[in-house]
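The values are calculated or read from the model by the stated rules, or taken from the named source; none is laboratory data. Please read all numbers here as calculations on a predicted model, not as lab measurements. We place every Cβ from the backbone using ideal geometry, glycine too, and count neighbours over all the protein chains shown. Please note that ligands, DNA and RNA were not included when accessible areas were found on the heavy atoms of the full protein model with its side chains. Shrake-Rupley method; radii C 1.70, N 1.55, O 1.52, S 1.80 Å.
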Amino acid sequence: MTPLALAIAGGAAPEPFRGTQWERAAAAANGLAPYLARLMQRRADLIATPDAAWPERLVDEAITAAAAIAHDPPPLAEGMRALRRAKDATHLACAIADLALAWSLGRVTGILTAFADASVRAALALSARELSARGEVAPLAWDAPTGPVPGFAIIAMGKMGAHELNYSSDVDVSVFFDPAGLAAAGAREPRVAAVRLVAPLVRALEEITPDGYVFRTDLRLRPDPGSTPVAVSMASAAHYYQSLGQNWERATFIKARAMAGDVESGRAFLTELQPFIWRKHLDFAAVADVKSIKRQILSAHKSAELDDPVFDLKLGRGGIRDIELFAQTQQLILGG
């Protein structure tokens, strides 16, 4: 028997799924995916009415719930719980529709990314509410075009920037700010306020509570992450990239997208970086640097060779990172 047949034979779909188009997928999830099985058991409310429009309805409600937090943020703990419950709904709906072959890969990754975008915007609003309560910023209207704090922009990188998130993806984001914008929002020390906005934002997304977490958050794609704060001024970042930026940093911006906060400021910043990202010519030193990155990846992992019994699918020779590096190299060479 196939794994899918074994899963269905060894366990059944939850009762509400019986007799629906989602039954076979739910049975497979019960048998092969412990996370989804626990989710269906813990959140019986999510599977109470699995009609034909069930996954679309769950996703719409989840994204609407996250958007509601961004437009009228509740206290931090309340907002965190709401986001985690919305994440449950998004993951379950996408997974069942995916397993049932009802949704394409592009639709699944697009919806997961749309929920991530809504979650980051909600987390920013929760963070701004926290700092406002302490008198550190004076947020504008929560639905202002600049976001609650003018000049504070969140850039989605990597898979998130390209609407390609999967079920276990981190969200890779970089935070940049314009001091004048933060000053207009009442921040007496814009650099300090920008950094302090990040901590509650990350906590809202990745702290593990009884309801789980929303997304692991990676801020290491900012300029020189070992020596810079978690939020970097746009002017400082632009100067760094134009004078000291490296090839791997160019690659991180291939899929960059301004997605939360002051989106227009974020887009203007990305436009300013275009000459850095898309150089018209790559010299021999730049090409050698790309080769060096590949050597470092392979040498850092013992299971790099294809004949290794525990071959590393992500970091081994010809693995996911190798493919990604090759594609990015072609993009950087030809894109310029």
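For the chain, what is the charge dipole size about the Cα centre, in debye to the nearest 20, if Lys and Arg each add +1 at the Cβ and Asp and Glu each add -1 at the Cβ?
Numbers: 35 positive and 37 negative charges, 84 e Å.
Taking the Cα centre of the chain as origin, the dipole is about 400 debye.
Taking a label point 7 Å from the Cα of D289 along the Cα→Cβ vector, which residues of segment 242-270 have an amide N closer than 12 Å to it?
242-252
At most 15 other C-beta atoms within 10 Å and a DSSP loop state: those are the exposed GluC sites (Glu not before Pro) I care about. Give me the longest piece of the chain that has none.
On the way: sites that count: E207, E305.
That gives 1-206 as the longest site-free run.
Counting only helical runs of four or more DSSP H residues, what would the 222 nm mean residue ellipticity of the chain come to if each run contributes -39,500 (n - 2.57) and the total is spread over all its residues?
So the calculated ellipticity at 222 nm is -17500 deg cm²/dmol.
When every alpha-carbon pair in segment 170-251 is counted, what percent end up more than 16 Å apart? Provide the component values of the computation, followed by the final result.
Details: 1926 of 3321 pairs.
Of the Cα pairs, 58 percent sit more than 16 Å apart.
Probe radius 1.4 Å, ligands and nucleic acids ignored: give me the carbon and sulfur share of the accessible area of segment 67-177 as a rounded percent. Working shown, then result.
Working: 2090 of 3770 Å².
Ligands and nucleic acids excluded, carbon and sulfur give 56 percent.
For a quick check: with amide H placed at 1.01 Å from N, whose amide H comes under 5 Å from F152's, ignoring anything fewer than 5 positions away on the same chain?
Placed amide hydrogens put D178, D262 under 5 Å from F152.
Under 19 Å Cα-Cα from K159, which aspartates and glutamates qualify once same-chain neighbours fewer than 8 residues away are excluded?
Reachable aspartates and glutamates: D98, D117, D170, D172, E206, D218, E249, D322, E324.
What does the charge count around A77 come to, taking other residues whose C-beta lies under 14 Å from its C-beta (Lys +1, Arg +1, Asp -1, Glu -1)?
Value of the local net charge: +1.
If the chain between L244 and R279 were fully stretched, how many nm would it gain, using 0.36 nm times the residue separation less the Cα-Cα distance?
Computed gain between L244 and R279 is 11.2 nm.
Given a 10 angstrom Cα cut-off, can you work out which residue in S104, S132, S265 is the most mobile in a GNM of the chain?
Result: S104 has the largest fluctuation of those listed.
Once you place label points 7 Å from the Cα toward the Cβ at D308 and R107, how far apart are they in nm?
In this crude label model, D308 to R107 measures out at 3.9 nm.
Where does the charge balance sit around P229 when Lys and Arg score +1, Asp and Glu -1, over other residues with C-beta under 13 Å from its C-beta? Mind showing how you got there, number by number?
Numbers: positive: R191, R196, R220, R222; negative: E189, D224.
Combined, the nearby Lys, Arg, Asp and Glu give +2.
Report the extension gain between E272 and A48 in nm, rounded to one decimal, defined as 0.36 nm multiplied by the number of residues separating them, less their alpha carbon distance. Walk me through the numbers on the way to the answer.
Details: separation 224, 0.36 × 224 = 80.64 nm, distance 5.00 nm.
Full extension from E272 to A48 adds 75.6 nm.
Nearest-5 percent of antiparallel DSSP beta bridges in the chain?
If we restrict to bridges inside the chain, about 65 percent are antiparallel.
What does the charge add up to near S265, with Lys and Arg as +1, Asp and Glu as -1, over the other residues with Cβ less than 12 Å from its Cβ?
-3
Please give the direction-averaged projected area of the C-alpha convex hull for the chain, in square nanometres with one decimal.
Numbers: hull surface 77.1 nm².
Hull-based average projected area comes out at 19.3 nm².
Which of the helices in the chain meet the span-like rule: DSSP H, Cα axial reach of 30 Å or more, Kyte-Doolittle mean at least -0.5? Please report the intermediate quantities before stating the final value.
Values: long enough: 76-99 (34 Å, 0.19); 105-133 (42 Å, 0.83).
Helices meeting the criterion: 76-99, 105-133.
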